[in-house]
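Heads up, the thing below is written out as structure tokens.
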Protein chains: 2
Amino acid sequence: MPESGQEEALIVFTPSGKRGSFPVGTPVLECARSLGVDVDSVCGGRGICGRCQILPSIGEFAKFGITSAPEHLSEPNDVEKRYDEKRGLKPNRRLGCNTKLLGDCVIDVPPDSQVHKQIVRKRAEVRDIELDPAIRLHYVEVEEPDMHNPTGDLERLLTALKDQWGLENLEDCDLHVLHGLQQALRKGKWQVTVAVHRGLRVTAIWPGFRDKVYGVAFDVGSTTIAGHLCELLSGEVVSSSGIMNPQIRFGEDLMSRVSYVMMNPGGDVEMTNAVREAINHLTNELVTEVDLTTDDVLNATFVGNPVMHHLLLGIDPIELGGAPFALATNSGMTLWASELDLDMHRNARVYVLPCIAGHVGADTAAVVLSESPHLSEEIVLVVDVGTNAEIVLGSKDRLLAASSPTGPAFEGAQISGGQRAAPGAIERVRVDPETLEPKFKVIGCDLWSTEDGFQEATESTGVTGICGSGIIEVIAEMFLAGIITTDGVIDGSMAAKSDRIQPDDRTFSYHVHAGEVTVTITQNDVRAIQLAKGALYAGAKLLMDKLEIENVDRIVLAGAFGSHIDTKYAMVLGMIPDCDLDKVSSAGNAAGTGARIALLNQTARDEIEQVVRNIEKIETAVEPKFQDHFVGAMAFPHKTDDFSKLSKTVTLPAPKVAAPDDGDGSGRKRRRRRG
Amino acid sequence: MPESGQEEALIVFTPSGKRGSFPVGTPVLECARSLGVDVDSVCGGRGICGRCQILPSIGEFAKFGITSAPEHLSEPNDVEKRYDEKRGLKPNRRLGCNTKLLGDCVIDVPPDSQVHKQIVRKRAEVRDIELDPAIRLHYVEVEEPDMHNPTGDLERLLTALKDQWGLENLEDCDLHVLHGLQQALRKGKWQVTVAVHRGLRVTAIWPGFRDKVYGVAFDVGSTTIAGHLCELLSGEVVSSSGIMNPQIRFGEDLMSRVSYVMMNPGGDVEMTNAVREAINHLTNELVTEVDLTTDDVLNATFVGNPVMHHLLLGIDPIELGGAPFALATNSGMTLWASELDLDMHRNARVYVLPCIAGHVGADTAAVVLSESPHLSEEIVLVVDVGTNAEIVLGSKDRLLAASSPTGPAFEGAQISGGQRAAPGAIERVRVDPETLEPKFKVIGCDLWSTEDGFQEATESTGVTGICGSGIIEVIAEMFLAGIITTDGVIDGSMAAKSDRIQPDDRTFSYHVHAGEVTVTITQNDVRAIQLAKGALYAGAKLLMDKLEIENVDRIVLAGAFGSHIDTKYAMVLGMIPDCDLDKVSSAGNAAGTGARIALLNQTARDEIEQVVRNIEKIETAVEPKFQDHFVGAMAFPHKTDDFSKLSKTVTLPAPKVAAPDDGDGSGRKRRRRRG
């Protein structure tokens, strides 16, 4: 507050529009702070970090009633000049901490100088991430010890953090910080940088100045573990990678892993060790790629389905294997990385997102965080397709969640010629409605099988089978071409039209490809897909019943599978309820994005816990109507005409590239490399 | 609150006098709770634990205006009868949880039924310990999981703790609890007992009912580590033991241990490991003695001087070895036992009391907690004599603390023939003022050396040297007999009177004992004691100056040494300021008692942290007046007459026995056994 009698000047900050009068000579950063303007600083105004850069606006500002002139700010001083020489200031920018107010001014705070920077996501329908990490760095100058006032070094550090950074609620520090505290203070000549977790606890200390700190967002899937290493103060993803989940050796799918525990006492410990080792391997890979060490990682977030969640935490998942499918906990957990034997900074904290119910995990919670149906005015259906399909339906008023037992058919399992997505797998199929001839694309090649050069381009991989998205497409195309009836029967009469249709036991099958591996779609394959899509549809329908709605406004397909299928075909097959196709989108690896949001924004953690508590959990197994819907959804839709029209207007999803936000690209890319 | 229209009865609880009206049929325990009457319960009113026993008072109670009749309470029901048969109720007692109010009643709550039981300490001048441990047990019945409402097992447990025990602030649980949670709930058929730390966090879970939980109070001395194993809900000490501090192999005294670290990189880690191993050894001994395991220990408290404190915590003590003697921290710390590699329940919490200053440790903080000068109306001087003397002076208005560099002379070091207190060491000496002949007692024998049978009784140990209290006595007695002048010179002219006085280089010495070991008091020995007692006195005087007082009202001598010297001799030598000898007392192992108070009463932890923050810390090294006082205090007092009078009225301290409260008996006993 200005003192009376002192000369004052008016300062207006843009874009916030916050304004106030301050005594001439007040540093701009100080003005910003006392007005609550969001200006970043790690060094606390000492001209070291360069994060408080501001852009003076020059000219007549009628709307503010002031003239903002260059001479209304102090000339660049030695500190600013040195910073500019060493690290470089952008044109016209000043350091807010070393620039003093001399007269009326309009000051723009560029986006990169704001603490709570927005990290823009590419998809228009989702909110940007506001940067607010759980770990913050603070550079402080600590008072030296004095025999006349013998306080502890820690207490003087905490006083400095309180005085210089307003950290009032600090509850001392981790024991390991205390181990290195005295040496760090002396080595840094009483100037140190500390990392503070959630504004409450000092978790690391380094001598001198430091302005980078890292965290990893992990998505622990049954098949793949993906990680994004982020610099927490900028939000930048500095490296991404994926690794196979080594638990696969204990069982391909979740239930066989739970069975393994039931059959093998101590099997849970084996699997816990396996997944933690894999995470450590992945962390090492992530940091090594950018010349860091695991010591640089101070925070991590984890998402995963309930069984992965429990095994990561070292909890026997046996209760998840049978009714009533009781979770050990449905709360989010903040732990030391060391409690999970994770190779990170020894005081690193990890946050594990909450599971929603016994079949609906922290991965689904992360999808909710990413897609934010709980903030939507529209009714949104979010479907994360994997071995089971997790389904979330609702809006800001009410949100429901359930898991549908789709089985693994959508992932290529239990399908003749089916395989996991990997180079050589058929992922796109078109069937000519006239000739019934198929053409296809395989993962790792952009050519159709009918195009010149396909043979050469796929020489190294060959055609190895058909993956989930390929199965969806071929069955939908077969249906659109009339090879499959609405009841799901491969129509033997079509054999007259093409020898692609062949008798097979007492049914018929459709021949896609001959070679080292023969890919044929059998009647059983069609049935498997019918069962899977029937379960998925029935789950969505059950939630729609609960919400008493006939239609949804928007559909989001999440997960690797969701991002690889053409949404049109999902609707052709009746996997999802009717919806304007423009309002059906693919969210990519939304679970991984949710993990990253929780990593970069601490309040998102509180938000998702609140949302998860309020979600209405529906257990399909005890809902009598689920079975009715399931039976009713086995057939294919009757609206063939509509879809043939749609197929002209809807384009295929763009090829996926390694984009950590809203894409599963990196995970997929790695999987291919490793596949 | 009673509902209108319902029949009500008046209930009065004694001794609290709390009263209220309740609907007929209300259980007495419920009445007590709603009136805030302190009645214990572990089972939550299920008639299992028997802790809520009450004693109905029968008769006319004019002062309360009611008649309390037997029929005003319900008849004993099956639950009470079963409890009485299985575990036995004391005569006339009832279970408060199963006794219902039928008419006006006076109910007495016996001391052993109160949660906040008082643990009576023997010394009249100290306060009793109010039982309020950091760990409490709660028996709960948890709702079973249900597919229609799929919450986590943990969340249903927390709900039960909230509903059945009013634990509103629980912040979930330790990860290891989560590991055993689901099994415990099912094994206990949804009835479990949980341990809650400070009302905030679940730290252990057991199937079924349990009503005992243990903790250990540790006093980590440079020489000895003592531990008292306590049952936390009764406050009972169930076993006590002591063990040598194995750090002795790195240096006899503190400064040589710090030097060891300076000379040997990694020496701090060696010493940290050594002390932790010894603590683990001691813990195992304590629990084994009473057929428990280390898993039963859920809480522990630690006190020790600053170097011991830092080494226990794994903090390099090097900064304590030189000015400005900066502590890493001067706050109390609550940690997991596992953070210190301690062998206890895997979620056990330890509390380390705060150090006061670089030379005044957590042991002194514990002495303050035990002796409570901060609550005293009188001005109290508390002196804990060891290698250094820790001095605390003041009252409830103001408290000061300092450490005086007495050196180890009081412990028998740097004295010819001096030794640590152990069997065979001379501990009592009398010098006949006429003949100048000495008589003495050694540790381990109750006979004077001049009595019949002394030779035989000491045959196994022999006379091995003289310990601290023996040195004090012999020098004081020599002074009282005129062998030593007020300047501290052994008077050569006395050689004419007895050949016990012999020339020795250019001075004289006094011969106490000849045998395998010869015990002679040399001029150097007298000088060493003069330096030590001068430093002690100067420290006390410095604090008296700061407080602007000439006299103290009361003096407490703490520590093993303080409990073995005759306070009279301390005053004869001028170790302590003048004070009415009736007001000089020995507190025994007050540091150990302070550790036990902090173990049994959680609010004592907050209390001592507050007191330590407010203590004025005086560093003698930077106080010019200290040197003046020191020089002035080298001589012996001139008041010989007063003391010869006193020696008739003051009796020796009673022999110490193994009493954990206010005595160092157990530690001493063990030391002897091991010595």
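The values are calculated or read from the model by the stated rules, or taken from the named source; none is laboratory data. Owing to the predicted nature of the structure, the values given are computational and were not obtained by experimental measurement. So basically every Cβ, Gly included, is an ideal-geometry build from the backbone, and we count neighbours across all protein chains shown.
Per-structure values
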| item | result |
| --- | --- |
| Pair list, Cβ < 6 Å and 6+ apart or interchain, from region B:299-322 residues that are within 14 Å of chain A (Cβ to nearest Cβ) to residues that are aromatic (F, W, Y) and surrounded by 24 or more Cβ atoms within 10 Å (Cβ to Cβ) | B:F302/B:F218 |
| Yes/no for A:L353 being away from every other protein chain (no Cβ under 11 Å) and either on the phi > 0 side of the Ramachandran plot or of a type outside the set (V, I, T) (or both) | yes |
| Criterion: touching a residue at least 40 places away in the same chain (Cβ under 8 Å), farther than 23 Å from B:L581 by Cα and in contact with a strand residue (DSSP E or B) (Cβ under 9 Å, 6 or more places away or on another chain) - qualifying residue of B:V360, B:V368 | B:V360 |
| Hey, B:V115 assigned to a loop (DSSP other than H, G, I, E, B), hydrophobic (A, V, I, L, M, F, W, C) and more than 14 Å from every other protein chain (Cβ to nearest Cβ) or not | yes |
| Out of A:G470, A:G462, sole residue that is among the small types (G, A, S) and over 32 Å from the mean Cα position of the chain (by Cα) | A:G462 |
| Residue in region B:203-216 that is among the acidic types (D, E), part of a strand (DSSP E or B) and more than 11 Å from chain A (Cβ to nearest Cβ) present | no |
| Matching option when the condition is closer than 30 Å to A:H179 by Cβ and either outside the structural domain of A:S222 (by TED's automatic domain parsing) or not hydroxyl-bearing (S, T, Y) (or both), among A:E377, A:E339 | A:E339 |
| Some residue of region B:457-476 being in contact with a Phe, Trp or Tyr (Cβ under 9 Å, 6 or more places away or on another chain), outside the structural domain of B:A570 (by TED's automatic domain parsing), over 16 Å from B:D566 (Cα atoms) and modelled with pLDDT of 95 or more | no |
| Yes/no for A:D291 being more than 13 Å from chain B (Cβ to nearest Cβ), touching a residue at least 60 places away in the same chain (Cβ under 8 Å), assigned to a loop (DSSP other than H, G, I, E, B) and more than 15 Å from A:A226 (Cα to Cα) | no |
| A:K81, sole failed condition from (1) more than 18 Å from A:C31 (Cβ to Cβ); (2) surrounded by fewer than 19 Cβ atoms within 10 Å (Cβ to Cβ); (3) touching a residue at least 12 places away in the same chain (Cβ under 8 Å) | (3) |
| Residue in region A:115-135 that is of a type in the set (G, A, S) and more than 22 Å from A:L170 (Cβ to Cβ) present | yes |
| Verdict on B:P133 being buried (at least 17 other Cβ atoms within 10 Å of the Cβ), facing chain A (nearest Cβ under 9 Å) and not acidic (D, E) | no |
| Yes/no for A:S256 being under 30 Å from A:G412 (Cα atoms) and not in a loop (DSSP other than H, G, I, E, B) | yes |
| Entirely in region B:539-602, the helices (runs of 4 or more DSSP H) that have 3 or more residues that are touching a strand residue (DSSP E or B) at 6+ places or on another chain (Cβ under 9 Å) and farther than 30 Å from B:I135 by Cα | B:559-564, B:567-572 |
| Hits in region B:183-197 - residues which are within 13 Å of chain A (Cβ to nearest Cβ) and either buried (at least 23 other Cβ atoms within 10 Å of the Cβ) or under 27 Å from B:A300 (Cβ atoms) (or both) | B:Q183, B:A184, B:L185 |
| Matching residues, region A:337-350, being more than 9 Å from every other protein chain (Cβ to nearest Cβ) and free of Cβ contacts under 8 Å to residues at least 24 places away in the same chain | A:S338 |
| Qualifying residue in region B:213-222 (condition: of a type in the set (D, E, K, R), within 28 Å of B:L157 (Cα to Cα) and within 17 Å of the chain's Cα centre (by Cα)) | no |
| Region B:166-182 - residue that is free of Cβ contacts under 8 Å to residues at least 12 places away in the same chain and on the phi < 0 side of the Ramachandran plot and, of those, farthest from the other protein chains (Cβ to nearest Cβ) | B:E168 |
| Breaking point among (1) crowded, with 16+ Cβ neighbours inside 10 Å; (2) out of contact with any Lys or Arg (no Cβ under 8 Å at 6 or more places or on another chain), for B:G266 | (1) |
| Residue that is modelled with the highest pLDDT [pool: residues in region A:116-130 that are under 20 Å from A:G36 (Cα atoms) and surrounded by fewer than 19 Cβ atoms within 10 Å (Cβ to Cβ)] | A:E130 |
| Verdict on A:G242 being buried (at least 17 other Cβ atoms within 10 Å of the Cβ) and on the phi > 0 side of the Ramachandran plot | no |
| Yes/no for A:N330 being within 10 Å of chain B (Cβ to nearest Cβ) and touching a residue at least 60 places away in the same chain (Cβ under 8 Å) | yes |
| Every residue from region B:139-158 that is more than 7 Å from chain A (Cβ to nearest Cβ), under 21 Å from B:H176 (Cβ atoms) and not in a loop (DSSP other than H, G, I, E, B) | B:Y139, B:V140, B:R156, B:L157, B:L158 |
